[in-house]
Amino acid sequence: MSLISQNAIPKEPVKRKKKAVKTDEFELIEEGKEEDEDRNELGLDDTKNQKRKRAQKNKDELIEIEQEKKMKKLENSLFGSLYNPVEFGKDDEEEARDEVDNTSALFFTDKSANSTMSVYEEDMESGEESTEEQENKQRKPVWIDDEEEKTSINITKVNKLRKLRKEEDESVISGSAYVSRLRAQHIKMNPGTDWARLDARLRDYSSDEDSDKENGAVVASGYDYPENADDILRTNEDLVVKRGMKLLPGLLEYSRLADVIARGTSNSDTVINSVEFHKNGQLLLVGGLDKTLKLYQVDGKNNTKIQSIFLEGCPIKKASFLPDGSQIIISGRRKFAYSFDLVNARVDKIGPLAGRDERSLEAFEISPDSKTIAFLGNEGYILLVSSKTKELIGTLKMNGTVRSLAFTNDGQQLLSSGGDGRIYHWDMRTRTCFHIGVDEGCINGTSLCTSPVGNLFAAGSDSGIVNIYNREEFLGGKRKPLKVIDNLTTKVDFMKFNPDAQILAISSRTKKNSFKMIHVPSFSVFSNWPPSNRILGHPSCMDFSPRGGFMAMGNAAGQVMLYKLHHYHQA
C-alpha cells in the first residue's frame, strides 16, 4: 500500500495541466487568426497598389497620347500635310483639307500689290465676322509674340521705313502693325512666289472657258473638287484624261501678247542679241549692245522688269541661263566673259583664259548638266570651261574654223561645224572626236541645233539651206538629210527646236521678216508665219518657254515681242 500511495499523482495538478494545454491551444488559434487577418490585409494592400499602378499607367498613356497628338498638330501646322497625310473616311478629313487648301496666316498680301488687305488688317477693320468664323476660315499662328503689341516703332526716323506709312503725318505704329506692313511690303516687292503656296497650281494658258482646269491635263468628271475625294474608289473612270499633244501642220495657232520691250520706248534703243526663258517659265532675260542685262517677269500682260545689271565695257553679244537656273553666262567681243549668280546677286569674271590669246569669247554653248561651258576659240579650237571654277579644263581642235556648237540632249556628245563644211561629233567623256561627216551642200556651216527629245539635229549654212538629220543614221554613214529646208535665202544665223521638238524655228539677221517656223513631223513650213503684217523687222534672237506656251523674239530695233502658242497650255 505504501508503494502505491507514494507513486500516486494528485488529481488537481492534472486538471491544471489540462487547462494550461487548452489555454495554449486557444492562444495558438487566436494567433493563427491574427496572422490570417494580417495576410488578408496585405493581400488587399497589394490589390490596391496594383490598381493604383494600372490607373497611373493608363493615365501616363493618355498623357503620352495627348502629347503625341499635340506634336502631330504642331508638325501639321508648321509643315502642312507632310507629316499628317489625309486619309479618306476619317472624321478630321475636312479639317486636314482646310489646312492644305487655305494659305497660312503667316503670309500677307499688300493692298498696293494685289488690291487686298493683309490678314491682320482685315482682323482690325472688319469686325463683322465672329471669332469662330475667322478661326474656321484661317489657321492660327503657331506662336504669337506678346511684345509686338507693347512695342512702338517710329517709322519716320529711318528713310527706308517711310514707305510703310499710310498717311503723311503718321509716325509711330504698333509692333504688330509694323510686322504686318513689312510682310505686305515684301510680297509687293517679290510677287513671283506662287510656287511656294500649298494650293499653287501650274499656270493655264488655255481659253477662258477651261482656265480653271489643270495645265496639260483635264480632270475627269466628278473629281474637280476635293469634297468628292471619297468617291475615288467607287468608279472605274479614268482619273486624268490627257489632252492630245499632236501638233497639226498647215496653220499655226498663235496670238500676240503685250511686248516685253515695245518699239519706241526708252529700253528699245539698242540691238537685242539674246532672249532666253528661265526654267520656271516666268523669268525672261534680255541682253543687247547697251551693256545691260535685263530680267523680266513674263505674264503676257504687264511683263514687269525685275532687275537690270549694267556691265561696264561689255556690249552683250550672248547671254544664257545655266540649265539648272542658278547662273547667267554673259559674253561680248572681249577676252573675258561674265557670270551672274542669281542666288547671291554677284557678278564674277571669266577669263582671260590661261594659255589662250582669243580676242573674243562672244559665242558659247552650255552643257545640259550645267557643268561645262564651251566657247568658240581661234583656229578651230573649242575651249571647255568649268561653270563652277570658271577655269579652262580642256580644249578640242577642229581642222577648220569653228563657227557653231550644239550639245546633245544627254550632254555626252558635242557637235561642231565651221569653215570646212563638216560636222564633228565629240565624246565629252574622253574629249575625243569619234566621227566627222560632210554636211550635204554646205560650204560654210553657220548654225547647229539638236532636238531636246529624239535624235534629230539641224545644220544651217551661209547659203540659207537648213538640213535636218537623224543623228543615229548620220553616225551610221547615211549622209543624205531627212529634209532640206530652203525657205531662207540668206545666211542662217539662229535655229531652235521647241521643247517637244514639233517646231523648228530658223531665222536670218540679214533680211527683214526672215523668220520661218517648221512643222517637224511633216517637215513643212507653217503657211501663216511670219505674220502677214510683217512687223518682225530684222530678227536677231528667239526662244521658246520651257513648256512651249510662250515664244519671245528680239530684233535689231530693240524690240522684244511675245507670242502665245495656243497648242501648248503651259508656259
Accessible area (Å², 1.4 Å probe, nearest 10) - Phe544: 10 Å²
What trypsin sites (Lys or Arg not before Pro) in the stretch 435-506 are in a loop by DSSP, with at most 14 other Cβ atoms within 10 Å of the Cβ? Lys478, Arg479
Leaving out ligands, DNA and RNA, what percent of the accessible area of the stretch 419-551 is carbon and sulfur, probe 1.4 Å? 49 percent
Quick one: ranking Glu148, Glu379 by accessible area, 1.4 Å probe, largest first, what do you get? Glu379, Glu148
Residue by residue through the stretch 323-334, the couplings from Karplus 6.51 cos²θ - 1.76 cosθ + 1.60 with θ = phi - 60°, in Hz, x for Gly and Pro, are x, 7, x, 8, 9, 10, 9, 10, 9, x, 7, 9
Sequence-distant residues sharing a close amide H with Phe407 (under 5 Å, placed H): Leu415
Return the distance in nm (one decimal) between the two label points of a simple spin-label model at Ser152 and His435, each offset 7 Å from Cα along Cα→Cβ. 7.9 nm
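Once the Cβ-Cβ distance between Lys511 and Asn344 is put in as r, and R0 is 60 Å, what FRET efficiency do you end up with, to the nearest 0.05?
Rounded to the nearest 0.05, the efficiency is 0.90.
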Within the P(r) computed for the stretch 419-571, what percentage of the Cα pairs occupies the region above 18 Å? 59 percent
Rounded accessible area per residue of the stretch 388-446, 1.4 Å, Å²: 46 Å²
Apply the a/c threshold of 1.5 to the C-alpha gyration tensor of the stretch 353-400 and tell me whether it is rounded, prolate or oblate. prolate
How large is ³J(HN,Hα), in whole Hz, for each residue of the stretch 55-67 in order, when computed from phi with the Karplus curve 6.51 cos²θ - 1.76 cosθ + 1.60 and θ = phi - 60°, using x for Gly and Pro? 4, 5, 5, 4, 5, 4, 5, 4, 5, 5, 5, 5, 5
Shape call, the stretch 281-369: gyration tensor on alpha carbons, a/c limit 1.5: prolate
In sequence order, what are the phi-derived ³J(HN,Hα) couplings for the stretch 274-288 according to the Karplus relation 6.51 cos²θ - 1.76 cosθ + 1.60 with θ = phi - 60°, rounded to whole Hz, with x for glycine and proline? 8, 9, 7, 8, 6, 5, 7, x, 10, 10, 10, 9, 9, x, x
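Quick one: net charge around Pro530, please, counting Lys, Arg +1 and Asp, Glu -1 for every other residue with C-beta under 10 Å from its C-beta.
Details: positive: Lys512, Lys516, Arg534; negative: none.
Computed value for this residue: +3.
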Heads up, the stretch 422-462 by the C-alpha gyration tensor (a ≥ b ≥ c square roots of eigenvalues; a/c under 1.5 rounded, else a/b over b/c prolate, else oblate) looks oblate
Near the amide H of Gln570, under 5 Å away, which other amide H atoms are found, from residues 5 or more places off or on another chain, if H is placed in the peptide plane? Tyr205, Gly549
Which cross-chain or sequence-distant (5 or more) residues have an amide H under 5 Å from the amide H of Ile306, H modelled 1.01 Å from N in plane? Leu295, Tyr296, Gln297
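Using a probe radius of 1.4 Å on heavy atoms only, what accessible surface per residue do you get for the stretch 318-379? Whole Å² is fine.
Values: 2840 Å² over 62 residues.
Counting only protein heavy atoms, the per-residue value for the stretch 318-379 is 46 Å².
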Could you calculate the contour length gain from Asn280 to Leu248, that is, 0.36 nm times the residue separation minus the distance between their Cα atoms, to one decimal place in nm? 8.8 nm
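The values are calculated or read from the model by the stated rules, or taken from the named source; none is laboratory data. No experiment lies behind these values; they were computed from the predicted model shown. Cβ coordinates were reconstructed from backbone atoms using ideal geometry, including for glycine residues, and neighbour counts include every protein chain displayed. Side chains are part of the model used for accessible areas, which takes the heavy atoms of the whole protein and leaves out ligands, DNA and RNA. Shrake-Rupley method; radii C 1.70, N 1.55, O 1.52, S 1.80 Å.
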